[in-house]
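Read-outs throughout are calculated quantities, based only on the coordinates presented, and are distinct from any laboratory measurement. For clarity, every value in this text was computed on a predicted model and none was experimentally measured. Backbone-built Cβ (ideal geometry, glycine too); neighbour counts: all protein chains shown.
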Amino acid sequence: MGQVVAFTPSGFVTLRAASAEVVPEGTPVRDAKGLLEGRVVRVFGPVARPYLLVRPRRPPSPVDGAALLGAEVRAA
């Protein structure tokens with residue numbers, strides 16, 4: 001689905017989609033290690049490879065956030 005590229009100051013996670021085919025808003029997502037669980041709240045940006053804004057169940061700690069940068073996230 002996408003790769004983690006950034007974290008917002010308000011605790012949201014930004015993903016970059018792997019292709020133009022993206023999941024709809026409201027889709028639950030998680031990473032393979034279980035550090036990130038949440039829902040897609042917004043899809044924005046270029047149509048070819050949009051960005052997805054994810055609201056995590058709990059904001060990742062700084063250590064978990066560093067481990068998540070570049071991680072692949074999939075629909076749960």
Fill in the blank from the handout: Per-residue ellipticity at 222 nm attributable to helices in the chain (runs of n ≥ 4 DSSP H, -39500 (n - 2.57) apiece, nearest 500 deg cm²/dmol) works out to -2500 deg cm²/dmol
Practice task
Could you tell me the largest-minus-smallest coordinate of the C-alpha atoms of the chain on each of the three principal axes, in descending order and whole angstroms?
Solution key: 32, 21, 19
Completion exercise
If each K or R counts +1 and each D or E counts -1, the residues other than Phe44 whose Cβ falls under 12 Å of its Cβ total +2
Practice task
Report, by chain and number, residues whose modeled amide H sits under 5 Å from the one on Leu36, excluding near sequence neighbours (fewer than 5 apart, same chain).
Solution key: Asp31
Problem - Spin-label pair Glu72/Ser10, simplified geometry with 7 Å Cα→Cβ offset, distance in nm - result: 3.1 nm
Exercise for the section: For Val41, list long-range residues whose amide hydrogen, built 1.01 Å from N in the peptide plane, is under 5 Å from its own amide hydrogen. Expected result: Gly26, Leu53, Val54, Arg55
Completion exercise
Residues Thr8, Thr14 in order from fewest to most other beta-carbon atoms within 10 Å are Thr8, Thr14
Completion exercise
Measuring from its Cα centre, the chain shows a charge dipole (+1 at each Lys and Arg Cβ, -1 at each Asp and Glu Cβ) which, in debye to the nearest 20, is 120 debye
